[in-house]
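Here is the structure we will look at.
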Amino acid sequence: MNKALSIEATEQTSVTPPVNSLVKGYSLVSACAFTLIGIVMLALALFTPTSIPFQGTTVVGLSVFFKVAEIVFSLGMLHAAMMLWRVILRKKDRYHNIGILPGDGALANAFFYFGFAMTAFHLGYASSAIALAQFITVLVALFFGAGGLALSGASRPARPLGYVTFPLMLRDGVILIVGTILMAIAFGQLAGAALKVPQWNWISFLGITVPGMFLLMGREGVKARLETWQGVARFPRLLLTETLLVLGLAIMLYGSYSNLTLGVNGYQVGPKGNAAGFTLWIVAVLLLLVIRGAFKMAVSQRYNHVGYRMISKLLYVMAIAIFIYAERSFLSGMAPVFAIGGAAPAVALILLAAFLVLVVGRVAAQKVSLPYSSSR
């Protein structure tokens with residue numbers, strides 16, 4: 001008995017320090033990244049001119065408004081960095097129970113900074129070089145912001161099966177959203193000669209993309225709440241959660257395409273239709289519902305194992321890559337052709353960031369404490 005206890009204690013001692021070391025190291029990396037990103041965002045905002053020539057006169061009002069908005073969200077990013085630094089510098093339990101506020105704050109400020117910066121550029125208030133630098137800075141902010149949320153999950157104890165709170169739902173949903181958006185941006189840029197500044201339309205973003213995001217976050221809550229359904233009840237549970245996933249992705253990605261690619265109000269345009277794209281879209285949905293769903297059903301009693309969770313996330317990445325191409329093809333009416341342009345090196349970095357968020361970040365954040373009877 002004493003020998004068994006000593007072995008268990010030894011295993012616990014050997015496992016815990018590396019986890020704490022990873023949390024400690026990434027906490028410092030995230031805090032430094034948030035700080036640098038906030039400084040760069042602020043500097044680029046200050047480079048935006050406060051006035052522009054218009055028919056021989058000077059227009060100041062709107063340009064000042066956009067500059068102020070960009071400065072505000074730059075300071076918001078620095079505030080997110082300060083919140084994380086405060087946790088790191090706290091002497092007692094400084095690397096345990098890191099909240100979601102630093103990562104969530106970083107992402108919210110990055111998204112709104114992005115919107116105002118792109119709008120200012122398309123109205124002629126900023127040069128293409130400044131706008132491109134802002135675009136790249138926001139991509140980096142999205143990656144590290146999602147990493148901050150994953151850090152929050154990794155630093156906390158595993159949640160009980162079926163337990164859900166709003167912070168947990170927000171954290172898991174936003175990590176999924178950011179990784180998927182990064183993939184959509186990457187595939188939208190892949191065929192280009194170089195990385196280019198995207199379009200922006202506030203109606204498509206707030207009226208279509210954001211509701212799709214809310215649906216995906218709500219789906220995380222439903223998924224966590226229904227985890228205790230066992231036996232035959234697993235089938236309707238899986239059908240419900242994966243259907244919500246498909247609907248949320250379809251709405252969010254349509255808003256993203258209308259916003260970032262077309263720069264139009266998505267409510268005023270509709271899909272042009274493409275048979276090949278629609279067929280490929282169905283294939284992607286079947287991959288999510290049937291292939292990935294069957295895998296999750298097969299390992300449902302052991303799904304808390306890191307290896308199984310990682311395989312599930314890899315299947316999601318494969319399916320969502322097809323899903324994005326298929327939906328864009330169906331919406332644009334163009335055949336789903338895989339084309340690679342001069343932007344490929346930059347796109348490869350964005351795809352790597354998306355992969356790390358969707359696979360490593362989600363696996364690190366989603367820890368469930370299974371009862372002994374269900375973990376066998």
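I'd like to check something: does region 115-135 contain any residue that is assigned to a helix (DSSP H, G or I) and free of Cβ contacts under 8 Å to residues at least 24 places away in the same chain?
yes
Within the group Phe330, Phe323, which residue is within 30 Å of Val138 (Cβ to Cβ), more than 23 Å from the chain's Cα centre (by Cα) and assigned to a helix (DSSP H, G or I)?
Phe330
Scan region 289-303 and report the pairs whose first residue is within 17 Å of Val317 (Cβ to Cβ) and whose second residue is at pLDDT below 85 and of a type outside the set (S, T, N, Q), with Cβ atoms within less than 7 Å and a gap of 6+ or a chain change.
Lys296/Tyr303
Evaluate region 342-350: report whether one residue or more is farther than 23 Å from Phe143 by Cβ, open to solvent by 30 Å² or more (accessible area, probe 1.4 Å) and outside any helix (DSSP H, G or I).
no
Kindly list, by first and then second residue, each pair from a residue in region 266-279 that is under 16 Å from Leu253 (Cβ atoms) to a residue that is charged (D, E, K, R), limited to pairs with Cβ atoms under 8 Å and residues at least 6 apart or on different chains.
Note: pairs meeting the criteria are Gly277/Glu327; Gly277/Arg328.
The values are calculated or read from the model by the stated rules, or taken from the named source; none is laboratory data. Computed from a predicted structure; not experimentally measured. Cβ sites come from the backbone with ideal geometry, for glycine too, and all protein chains shown count toward neighbours. The area values use the complete protein model at the heavy-atom level, side chains included, leaving out ligands, DNA and RNA. Shrake-Rupley method; radii C 1.70, N 1.55, O 1.52, S 1.80 Å.
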